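Structure first, then comments.
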Amino acid sequence: MLVGWPLVAAAQPVGEPTIEHVPEDLADEVKSRGILGQDDRRSTREVPYYLKKYTRRVGELITYNHLESGETAKTTCTGSLIQKNYIVTAAHCAFDSQGKLHENQFFYPGIQEGRVNYDKYRVARVFLPASYTHDANEDTGRDIAIMELEPADNGRHAGQVAGWFGFWGRADFPDGEVSTIGYPGDKQDGHQYFQEGCQAVNRNPYNHNDLWIDCDVFQGQSGSPVLIYSGEYDTFHVQAVIQSESAKMNFGSRISPERAKIFRYITKGEFASAAYQSEGIVEPWIQMDYVNQNKIYVYARNECSDEDLYIAYNYKTHAGDWRAGGFMLLKPKHEMPVFDTGNGVYYLSARNPEGKVFTRKDMNKYLSKYDMNVGMQKYSVDKFGTFTYGFGCR
């Protein structure tokens with residue numbers, strides 16, 4: 001409980017929430033640095049039955065930054081599906097440390113223990129308050145955004161696979177118990193955690209969209225949904241997102257009635273339409289499109305459920321020299337970036353610990369680290385973009 005902040009009866013809602021979506025394979029289920037004191041977060045492996053269906057609607061936002069050294073840096077946030085191809089998250093999750101839009105960001109719904117169960121979806125554009133600035137952490141109420149997602153390689157949208165939440169913007173935030181699901185950076189990489197029974201209140205006299213929250217929070221949970229159960233609709237709605245943490249309290253940004261209206265226009269593909277313009281929106285929002293870089297991003301995915309793979313590669317760097325390496329460990333059902341390049345020809349090798357090879361031998365490449373020649377398969381593409389190759393168990 002938030003000590004010293006007496007709770008009041010929840011105000012009657014103004015407006016109706018949007019409707020959640022349950023994918024077919026769940027349709028028969030019954031509906032049903034900010035660690036404040038004891039850490040009450042638990043792995044969603046232990047999630048109660050009535051929350052289980054919601055876990056796949058929450059995903060990890062992952063950005064891989066390829067360094068000139070050949071190494072890869074990774075940044076993460078959390079997002080929640082609110083339509084088949086839209087998520088809500090924190091606005092700062094869209095930007096790098098310099099305040100620029102991330103170059104190649106993906107949403108992985110329901111990823112657990114690093115296992116990619118429901119594919120990945122590239123972020124195409126972001127919508128956020130026009131007044132948001134990347135160094136405005138003191139104003140947490142503005143730190144909220146919607147991201148539009150591209151379909152996966154198979155053409156399906158994230159929400160068609162994972163379902164989505166309804167969202168609700170109420171005139172008075174219903175101070176009281178909330179739940180949240182996210183990907184904390186102080187836990188194992190790619191592990192989803194949840195917390196029930198923490199408190200959130202809307203008492204900042206200077207910013208009506210600011211929330212004070214006593215849920216335990218750490219970096220990586222930014223953008224996590226603040227979920228509130230409705231007995232009337234027998235479901236949890238997203239009513240805010242987690243924004244940041246501190247030693248004494250944590251913070252969130254709520255969905256106000258006006259923001260709920262903005263969200264509806266965005267998720268219908270009608271942002272900035274004539275109808276939108278006629279609404280007299282007080283808080284202006286903007287759209288920012290992710291720029292398609294003149295790069296080829298190569299990812300590898302382990303299709304096996306219980307067997308490791310090892311990946312080797314040979315590609316031309318942006319500086320123009322060829323770089324070979326391996327063997328990179330790829331755990332079962334995991335996915336990882338291998339390299340990015342401007343050259344449409346490159347080579348990969350995938351093998352299991354017993355030495356079974358899952359790629360052709362189109363060329364031999366000597367790897368000095370292992371003092372061995374490795375057979376590699378040639379790949380050729382004629383456009384920039386992201387290319388993911390699945391290996392193993394075939």
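The values are calculated or read from the model by the stated rules, or taken from the named source; none is laboratory data. Owing to the predicted nature of the structure, the values given are computational and were not obtained by experimental measurement. So basically every Cβ, Gly included, is an ideal-geometry build from the backbone, and we count neighbours across all protein chains shown.
Which of the residues that make up region 219-278 are of a type in the set (V, I, T) and closer than 19 Å to L61 by Cβ? The answer is V226, V238, V241, I242, I255, I266, T267. With respect to (1) modelled with pLDDT under 75; (2) polar (S, T, N, Q); (3) in contact with a Lys or Arg (Cβ under 7 Å, 6 or more places away or on another chain), the lone exception for S80 is condition (1). The residue that is modelled with the lowest pLDDT, counting only those in region 230-250 that are out of contact with any Asp or Glu (no Cβ under 8 Å at 6 or more places or on another chain) and among the hydroxyl-bearing types (S, T, Y), is S246. In region 137-155, the residues that are over 24 Å from N117 (Cβ atoms) and small (G, A, S) reach residues that are at pLDDT below 95 and part of a strand (DSSP E or B) with C-beta atoms within less than 7 angstrom, at least six apart or across chains, in these pairs: G141/D210; G141/S253. For first residues located in region 259-270 and modelled with pLDDT under 95, partners that are surrounded by 15 or more Cβ atoms within 10 Å (Cβ to Cβ) and of a type in the set (V, I, T) and lie 6+ apart or on another chain with Cβ distances below 7 Å do not occur.
Can you find a residue in region 72-94 that is aromatic (F, W, Y) and within 16 Å of G190 (Cβ to Cβ)? No, region 72-94 contains no residue that is aromatic (F, W, Y) and within 16 Å of G190 (Cβ to Cβ). Of all residues in region 68-94, those satisfying the criterion of being surrounded by fewer than 21 Cβ atoms within 10 Å (Cβ to Cβ), part of a strand (DSSP E or B), of a type outside the set (D, E, K, R) and more than 12 Å from the chain's Cα centre (by Cα) are T72, A73.
Considering only region 337-351, I want to know if a residue exists there that is in a strand (DSSP E or B), in contact with a Gly (Cβ under 6 Å, 6 or more places away or on another chain) and not assigned by TED's automatic domain parsing to the domain that holds G110. Talk me through it step by step, then tell me what you get.
Going through region 337-351, the residues in a strand (DSSP E or B) turn out to be 337-341, 345-351.
The next check asks that each one be in contact with a Gly (Cβ under 6 Å, 6 or more places away or on another chain); those that pass are none.
Within region 337-351 (the criterion being in a strand (DSSP E or B), in contact with a Gly (Cβ under 6 Å, 6 or more places away or on another chain) and not assigned by TED's automatic domain parsing to the domain that holds G110), the answer is no, since none of the residues qualifies.
Evaluation of Q287 against the conditions (1) within 23 Å of the chain's Cα centre (by Cα); (2) over 18 Å from W168 (Cβ atoms); (3) of a type outside the set (A, V, I, L, M, F, W, C); (4) assigned to a loop (DSSP other than H, G, I, E, B) shows that the sole unmet condition is (4).
Among residues that are closer than 20 Å to L128 by Cβ and crowded, with 24+ Cβ neighbours inside 10 Å, I255 is included.
Taken as a whole, region 311-324 holds no residue that is of a type in the set (S, T, N, Q), touching a Ser or Thr at 6+ places or on another chain (Cβ under 7 Å), surrounded by 17 or more Cβ atoms within 10 Å (Cβ to Cβ) and not in a loop (DSSP other than H, G, I, E, B).
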